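Participant: Quick one: this structure, given as structure tokens, is what I'll be asking you about.
Taken together, the values in this text are just the output of simple stated rules run on the coordinates, not laboratory data. Nothing here was measured: the structure is a model prediction, and the numbers come from that model. Cβ atoms come from the backbone with ideal geometry, glycine included; neighbour counts cover every protein chain shown.
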Amino acid sequence: MKKHAIIPIFIPHRGCPNDCVFCNQREITARTDDVTPADVREILDTWLSTLSGVETVEAAFYGGSFTGLPIEEQSRYLAVAKEYKDAGRIDRIHLSTRPDYIDRPILDNLKEYGVDIIELGVQSFDDEVLKFSNRGHDTACVYEACRLIREYGFTLGIQLMIGLPGDSAEKCIRSAKETARIHPELARLYPTIVLDQTALYAQYKSGSYQPLSREEAVWRTKEMYKILDDAGITILRVGLKSTDIIGEGGAINGGTYHPAFRQLVEGAIARERIEALLHGIAEAPVLAEAPDVPARRKVDVFSNRKWYSNMIGNRAANRLYFEQKYPELNIRYRIDEVLADGRFRIEVKEN
């Protein structure tokens, strides 16, 4: 039985008059038409017809800054979702918005319509990065929005971007640490992607903005992921999926994007943690079975089933890495469901 399903309802960019340098909402949502309350009902009915037996179902308003819409329009959308929630057909109502579109009247209205989860597109906890990205608000606004959301009892999510103009590895790490300090229940990590028809694309073409290399993006995201994960924050998404970026070719520029970016990050974490466990094993002496026969110590490496592919690595990158670095080890990969996500153990078997 599937435990959790999210029904995405994409609201076009009308809720946000701001033009952040990285944003081309049409490229992200591939939606240009207005969504009506009748459309919301149709979307919910269509998805629910395929979700029999799912334990928890969320209706999630994505695509724009939902609370930037006129409050009457927010209410029309939310009234449909609340009807389905009151009837027991969905369990939660989930939306994403900007920190500067949060205040008490807005939260009062969201509470009235049974909203459960509010994700904030924070992007960075550095004022310079926010300024260079044309976010239109500062970090003081972020802290106040988080405080109010918590005060009202909503589940809080924070979205961070990596590699924005003016960003650095140190600023990224600090943003992750600030997020851990605030301790939202949910987080998303998005390396910055240069899309066509954005101010960032113009900067990229002029040479005033250099996207992160994929290797650097993976490293920064890995370090941020570990901070959030160690704080007990659920990381909903790492990187954009291929289905998130919809356009007629040429929409993605630079080398940062990868369709399996999360696996690259989690695979890098797996490699780092497994290598720490292997440290010293390869150097320890082992008796050969016969003279002149190189002895290979047998090592079983375990993860749970969910993280098995990360243990192996994207395109078996970790397996190949360990084979080449430790030819004296005969490493086998096994499953141990007792292990938590992102945790590994090894067993050494002497000949």
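Participant: For a 19 Å ceiling on Cα separation, which of these pairs sit above it: Lys177/Lys241; Lys131/Lys226; Lys177/Lys226; Lys205/Lys241; Lys3/Lys306; Lys171/Lys226?
Facilitator: In this structure, Lys177/Lys241; Lys131/Lys226; Lys205/Lys241 lie more than 19 Å apart at Cα.
Participant: From the C-alpha gyration tensor of region 4-259, pull out the three semi-axes of the equivalent ellipsoid (sqrt of 5λ each), sorted largest to smallest, in whole Å.
Facilitator: Details: eigenvalues 169, 86, 64 Å².
After diagonalising the Cα gyration tensor, the semi-axes are 29, 21, 18 Å.
Participant: Evaluate the relative contact order of region 4-259 (contact order divided by residue number), counting alpha-carbon pairs under 8 angstrom at least 6 apart; express in whole percent.
Facilitator: RCO, region 4-259: 19 percent.
Participant: Any idea what the relative contact order of region 112-211 is, in percent, if you count C-alpha pairs under 8 Å spaced at least 6 apart?
Facilitator: Numbers: 120 pairs, mean separation 28.5, N = 100.
Value for region 112-211: 29 percent.
Participant: Describe numerically, in nm with one decimal, the distance between label points set 7 Å from Cα along Cα→Cβ at Arg305 and at Gln197.
Facilitator: A separation of 4.3 nm, rounded to one decimal place.
Participant: Note down the nm distance, to one decimal, between modelled labels 7 Å out along Cα→Cβ at Arg273 and at Ser52.
Facilitator: Rounded to a tenth, the inter-label distance reads 3.8 nm.
Participant: If you don't mind, there's one more thing I want to ask. What percent antiparallel are the DSSP beta bridges of the chain, to the nearest 5?
Facilitator: Beta bridges within the chain, antiparallel portion: roughly 15 percent.
Participant: Among 215-226, 175-186, how do they line up from the highest to the lowest mean number of other beta-carbon atoms within 10 Å? Intermediate values should be presented prior to the final figure.
Facilitator: Working: 215-226: 20.8, 175-186: 18.8.
Ranked from most to least packed, the peptides come out as 215-226, 175-186.
Participant: If I fit a long axis through the Cα atoms of helix 261-278 and take the longest principal axis of the Cα atoms of the chain, what angle between them do I get, 0 to 90°, rounded to 10?
Facilitator: 30 degrees
Participant: Of Leu339, Leu110, how do they rank once you tally other Cβ atoms within 10 Å and put the fewest first?
Facilitator: Neighbour counts put them in this order, fewest first: Leu339, Leu110.
Participant: Pairing the Cα long axis of helix 139-151 with the longest principal axis of the chain, what angle in degrees results, from 0 to 90 and rounded to the nearest 10?
Facilitator: 80 degrees
Participant: Another question, then. What number, in percent, do you get for the relative contact order of region 86-137 if the mean sequence gap of Cα pairs under 8 Å and at least 6 apart is divided by its residue count?
Facilitator: 41 percent.
Participant: From the residues Pro8, Ser49, Ile335, which one has its Cα farthest along the dipole of the chain in the positive direction, the dipole being from +1 and -1 charges on Cβ of Lys/Arg and Asp/Glu about the Cα centre?
Facilitator: Toward the positive end, the furthest listed residue is Ile335.
Participant: Which order do Ser303, Ser52 fall in if you start with the one that has the fewest other Cβ atoms within 10 Å?
Facilitator: Starting with the residue having the fewest Cβ neighbours, the order is Ser52, Ser303.
Participant: Here's something else I'd like to know. Ranked highest first by average number of other Cβ atoms within 10 Å, how do 194-202, 328-336 line up?
Facilitator: Sorting 194-202, 328-336 by mean packing, highest first, produces 194-202, 328-336.
Participant: About the Cα centre, and with charges only on the beta carbon of Lys, Arg (+1) and Asp, Glu (-1), how big is the dipole of the chain? Nearest 20 debye, please.
Facilitator: 740 debye
Participant: Which value at 222 nm does the chain reach when only helices count, each DSSP H run of 4 or more adding -39,500 (n - 2.57), with the total divided by all residues and rounded to the nearest 500 deg cm²/dmol?
Facilitator: Dividing the helical sum by the residues of the chain leaves -11500 deg cm²/dmol.
Participant: In terms of Cα to Cα distance under 16 Å, which lysines are near enough to Lys325, apart from those fewer than 8 places away along the same chain?
Facilitator: Within the straight-line cut-off, Lys325 pairs with Lys298.
Participant: Roughly how tilted is helix 37-48, in degrees to the nearest 10 and between 0 and 90, from the longest Cα axis of the chain?
Facilitator: Helix 37-48 sits at roughly 30 degrees to that axis.
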